Amino acid sequence: MAGSKTYRTRAIVLDKVKLKDYDLILTLLAESGRQVRAVAKGARKPGARLAARCELFCTADLLLARGRTLDVVSQAELLRAPLGAGPTYERMCAASAIAEVAKLCSYEDAEDPFCFAIAARALEVAGDGATDAVHLDVVVAAYIFKLLSHIGYRPDLSGCVLCGDERLSYFSATAGGLLCASCAASVAGAEEVSAATVDWLRALLALRLDELAAAPIDMMQATFLLALSHLWAATHLDARLRALEFMLGR
């Protein structure tokens, strides 16, 4: 209700920061796609039930009290823990990258349900035991390209972004997508790509995340796709993506 001091929402926990002795500041991605920052009071006390219900990357049903600068978590019920009770190192890395990009693509004053939906689905696929370490790279790369395409940064993969030539052999984040060899000579930092990589880039946008998680791919190709997605996100979000850097350097 308008003017109500409390409200309820489903939200993904993207980040948490220590506050004072026992409190946490949570960065949440609400079901509406709006980013919410809220205080979970007493969440760091030994045996506090609130901490387990507001764990990183989990989806919770929250009752929040509106505050002047930060909202306050009044109640929380855990709905979904996509990584399970004992996530692997690789799954934690992938989930951190997904949350990092979601945090940069969501805002406190703007709603976009797609951001919540794709982040939730990406976390589900990343937490699926059938998704191996190689395919985690593919899932994260696809999530980044899909989300950034949605908010207005879609790479042009149909032809050379400068001349329209269909003989494509380079990729440039600053130029906006794929390039032919002739045009790439004038673009600093253009990355040479194979025909297979071009096909994969198109597949990242065209196929569902679960389809990509089951598609045959080798480790070098998957890592290269992740590197291209990192380049694309860092360029267009104008931010340093530490979780992605960690994934690529692991």
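The values are calculated or read from the model by the stated rules, or taken from the named source; none is laboratory data. Every value quoted in this text rests on a predicted model; they were computed, and no experiment measured them. Glycine gets a Cβ as well: all are built from the backbone with ideal geometry, and neighbour counts include every protein chain shown. Heavy atoms of the whole protein, side chains included, go into the accessibility calculation; ligands, DNA and RNA do not. Shrake-Rupley method; radii C 1.70, N 1.55, O 1.52, S 1.80 Å.
For the stretch 95-119, the set of residues classified as open to solvent by 10 Å² or more (accessible area, probe 1.4 Å) and either assigned to a loop (DSSP other than H, G, I, E, B) or in contact with a helix residue (DSSP H, G or I) (Cβ under 8 Å, 6 or more places away or on another chain) (or both) consists of S96, E100, L104, E108, D109, E111, D112, F114, I118, listed by residue number. Considering the stretch 192-250 alone, what residues qualify as being basic (K, R), touching a residue at least 60 places away in the same chain (Cβ under 8 Å) and part of a helix (DSSP H, G or I)? If the condition is that a residue be basic (K, R), touching a residue at least 60 places away in the same chain (Cβ under 8 Å) and part of a helix (DSSP H, G or I), then R242 is the only one that fits. Number of residues in the stretch 176-191 that are hydrophobic (A, V, I, L, M, F, W, C) and either over 13 Å from C160 (Cα atoms) or in a loop (DSSP other than H, G, I, E, B) (or both) equals 5.
Yes or no, residue by residue, for (1) of a type in the set (S, T, Y); (2) more than 21 Å from G129 (Cα to Cα); (3) surrounded by 14 or more Cβ atoms within 10 Å (Cβ to Cβ):
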position	(1), (2), (3)
D61	no, yes, yes
G67	no, yes, no
Q75	no, yes, yes
A81	no, no, yes
G84	no, no, no
P87	no, no, yes
E90	no, no, yes
C93	no, no, yes
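For the stretch 120-159, a residue qualifies if it is farther than 17 Å from L231 by Cα and assigned to a loop (DSSP other than H, G, I, E, B), and the qualifying residues are D128, G129, A130, T131, D132, S158, G159. If the condition is being outside any loop (DSSP other than H, G, I, E, B), surrounded by fewer than 18 Cβ atoms within 10 Å (Cβ to Cβ) and either polar (S, T, N, Q) or at pLDDT below 95 (or both), then the stretch 34-49 contributes only R49.
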